[in-house]
Amino acid sequence: MMKSTTAGSNNPSQDYLEIWQFAVDWTTPANSTFTKLQDVATAEFSSDLCGLTSYSCIAQPSGGIPLDPLREVIMWRLQYRNFGTHQSLVGNHATDVDGTDRAGVRWFELRRTSGAWSLYQQGTYAPSDGLSRWMGAIAMDGDGNMALGYNVSSTSLHPSLRYAGRLSSDALGTLPHGEYNIVAGAGVNTAERYGDYSAMSVDPADDCTFWFTGQYNPTSQWSTRIATFKFDSCGVPIWATR
C-alpha cells in the first residue's frame, strides 16, 4: 500500500510517498500486521488541487459542472513487478500543475534490488495546452515499457480518454510516445464525481499488450471504453478500441 504526502501535512519541507506493508497470517489471522516500511522523497507536487474547501474544479464545456479529480489518493492501481535483478512499483496521482487548478498526472517508478525502496524516476504529464489530465492508470510491460491512460477535459473539450507511454530506453522521467486519443467525448457530465477508477493492466498471454478501461461522456450520460495497445518489439505504439 502507498500514500502520497505533500509538504506541510507531516513534514513541512518535503513531499514524499509512504510505503506500507500488509502481511497476512492465514493460519492465525489475528497475527497479521500492517506496518509502515518507509518514506520515499519525491519532487514537489501540489495536492491543493481545487483548493482546501472544494473537491471539484476540473472544467467542462458550458452546461457541465466542475469535476472531482480525487486529488487525495494514489490512483488504481499501484503495479508491482519482479524482474529478478530488481523489483518495481509504478503509480500515479493528480496534482495542480500551475497553481490555477489545472490538473496533471504525476507518475513515478520505485525500485529496489534489496533492502529499501528508492525513487528511480518520476514525471508530471501536463502538456502546455491548458487541458486538465487526471484519473490516470499506469502499468509496465515485460520489457519495462510503460503506458499511462487518463481523462482529459477543459472548457472547450468534453471529458475524453487519451494515453501516452515510454520505452524502457527513453530518457528517465519522460513519456515521449503520445499523446494518443482513445475516444473523444461529446457531452458534459452532470455530477461532480467522475471516473473512479480507471485501470491499466498487461495481458499475461504475451506480457506486452496493455488493456485500459476508463469513463468518458459520449452524451450527458457517461459511458466506458476499453482500449488495447502495445509497443512493437514489445517499438511503435499501435492501438484499437472496442
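Below is a table of values for the structure above.
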item	result
Computed lengthening from residue 38 to residue 205, 0.36 nm per intervening residue step minus Cα-Cα distance	56.7 nm
Between segment 29-70 and segment 187-230, the Cα center-to-center distance that results, in Å	19
4 °C / 1.567 mPa s Stokes-Einstein diffusion coefficient of the chain, Kirkwood radius on C-alpha pairs, µm²/s	70
Protection-proxy order for peptides 50-63, 19-32, each taking the mean of Cβ atoms within 10 Å per residue, highest first	50-63, 19-32
Cα extents of segment 12-89 along the three principal axes, largest first (Å)	56, 30, 29
FRET E, pair residue 20, residue 82, Förster distance 22 Å, beta-carbon r, rounded to 0.05	0.70
Label point distance in nm, residue 31-residue 184, each placed 7 Å from Cα along Cα→Cβ	6.0
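Every number here is computed from the coordinates shown, using simple stated rules; none is lab data. Note that this is a predicted model, so its numbers are computed, not measured. With ideal geometry, Cβ positions are generated from the backbone for all residues, glycine too; neighbour counts draw on all protein chains shown.
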